[in-house]
Amino acid sequence: MKNDNILIIGASGQIGSELTMALRKMYSQVIATDLREPNQEVMESGPFERLDVLNKTSLHYCIKRNNITQVYHLAAILSATGEKNPELAWRVNMKGLRQVLDACVELDVKKLFWPSTIAVFGPTTPRQNTPQWTVMEPNTIYGISKQAGERWCDYYFQKKNLDVRSVRYPGLISYKTPGGGGTTDYAIDIYFEAKKNKHFTCFLSKNTRLPMMYMPDAIRGTIELMEAPAEKIKVRSSYNISAIDFTPKEQAASIQKYIPDFKIDYAPDFRQKIAESWPESIDDAVAKNDWGWKPEFDLDGMTKDMLDNIGTTAAIV
Ligand code: NAD
Ligand code: SER
């Protein structure tokens, strides 16, 4: 077991609940924190504290009392929820990040992980094989806050020597915790509805292509980034990472290989416009070259694993 003391902020969410468990296999002290209680697995496997990242006093107290040496700051308001409440999204995503950056510098935290997203790109970005460095004019409050966040991370690395590391996650798919209010959540719900009702009504249109990733790849990649020697991490804003891209129609065809009578129909809503402003596929050559990023799951491999696990005790209840 490694000895660093790790703090996870936003540990009850889709990524946090799986990242906490992965880190607890490696590190002796992993403190999970969130506004709300995590799932049973996280609750029973180590310490949990209620923490509002916007409360500076509590944040500093938690870091000091637990002698924290690494922070994973996951708390955020995602794209679809953010469009419904832009003030809240800006406050949590921006003020929350700045408080964490300052706390890490003031309290001598050695390393910080903060995730960015494909939502930092916008309608003027090249949509196919979107490069690491390109036009970035996001038009959701979520994307605007994450793009500004990337600049703050780079600034704290350059000016305050903070070892901050980040990836731009694509849409993440998993079965342990529900999606957190994102535009890509359809790609999770489709598996649950396929298993339960053999039918799904999709809130994106059938040919909307988006970059996606299965959660085990995302968790492994995140830990590999954080464990890499500092000199290999050349990008301190955020790295493009990529695994698979598909449309709802292609995902439905993948499900039909395992559930032949599965049916899908389409009723696009406000999330369609958000999806259309994001890349269809991502060029992650820089992450591959700098720290060896490599995805493992393809669409059919992910579909099989999702369908095998939904309905077991490991899945969302
Ligand atoms: P999620 O919504 O499932 O989890 C976020 C957690 O943050 C929730 O449990 C929520 O209770 C908590 N939270 C909200 N406000 C808080 C506050 N003030 N103080 C403390 N906790 C608070 O989100 P997720 O999918 O797990 O995403 C985690 C991070 O990864 C976010 O920064 C998100 O932008 C980023 N990301 C996620 C995806 C994805 O597809 N899931 C893709 C790209 C980037
Ligand atoms: N999955 C996220 C969302 O849809 C992308 O960051 O909001």
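Only helices enter the 222 nm calculation for the chain: every DSSP H run of n ≥ 4 contributes -39,500 (n - 2.57), and dividing by all residues gives -11500 deg cm²/dmol, rounded to 500.
Dipole check for region 225-304: with +1 at the C-beta of Lys and Arg, -1 at the C-beta of Asp and Glu, and the Cα centre as origin, the magnitude is about 120 Debye. For region 1-45, applying the loop criterion from DSSP together with a ceiling of 14 other beta carbons within 10 Å to the trypsin sites (Lys or Arg not before Pro) yields Lys25, Arg36. Each of Asn129 and Glu44 was given a label point 7 Å from its Cα along the Cα-to-Cβ line. The distance between the two points is 4.9 nm.
Could you tell me the number of lysine pairs in region 1-127 with C-alpha atoms less than 23 Å from each other, where the two lysines are 8 or more residues apart or belong to different chains? Final tally of qualifying lysine pairs is 16. Distant-in-sequence amide contacts of Tyr27, defined by a placed amide H-H separation under 5 Å and a gap of 5 or more residues or a different chain, comprise Lys2. Net charge dipole, the chain: roughly 500 debye, given to the nearest 20, about the Cα centre with Cβ charges of +1 for Lys and Arg and -1 for Asp and Glu. Build a GNM of the chain with springs between Cα atoms under 10 Å apart, and of Asp185, Asp261, Asp108 the one that fluctuates most is Asp261.
For Leu299, the solvent-accessible surface computed with a 1.4 Å probe is close to 30 Å², ligands and nucleic acids excluded.
Note on the chain: with a GNM built from Cα contacts shorter than 10 Å, the maximum mean-square fluctuation among Leu307, Leu172, Leu210 falls on Leu307. With q set to 0.06, 0.10 Å⁻¹, the log10 of I(q)/I(0) for the chain, from the Debye formula over equal scatterers at the Cα positions, is -0.19, -0.53. Taking the longest Cα principal axis of the chain as reference, the axis of helix 14-24 is set at about 50 degrees. Which Cα, out of Ser28, Leu51, Gly16, lies furthest along the positive dipole direction of region 1-52 (beta carbon charges, K/R +1, D/E -1)? Of the candidates, Ser28 comes out farthest on the positive side.
Counting only residues at least eight positions apart within a chain, or on another chain, the lysines with an alpha carbon under 24 Å from that of Lys196 are Lys176, Lys206, Lys249, Lys257, Lys263, Lys304. Overall, region 117-206 carries a charge dipole of about 180 debye about its Cα centre when +1 sits on the Cβ of Lys and Arg and -1 on the Cβ of Asp and Glu, all other atoms neutral.
The values are calculated or read from the model by the stated rules, or taken from the named source; none is laboratory data. Source: prediction; values computed, not measured. Ideal geometry is used to build each Cβ from the backbone, glycine not excepted, and the neighbour counts take in all protein chains shown. These accessible areas exclude ligands, DNA and RNA; they are computed on the full protein's heavy atoms, side chains included. Shrake-Rupley method; radii C 1.70, N 1.55, O 1.52, S 1.80 Å.
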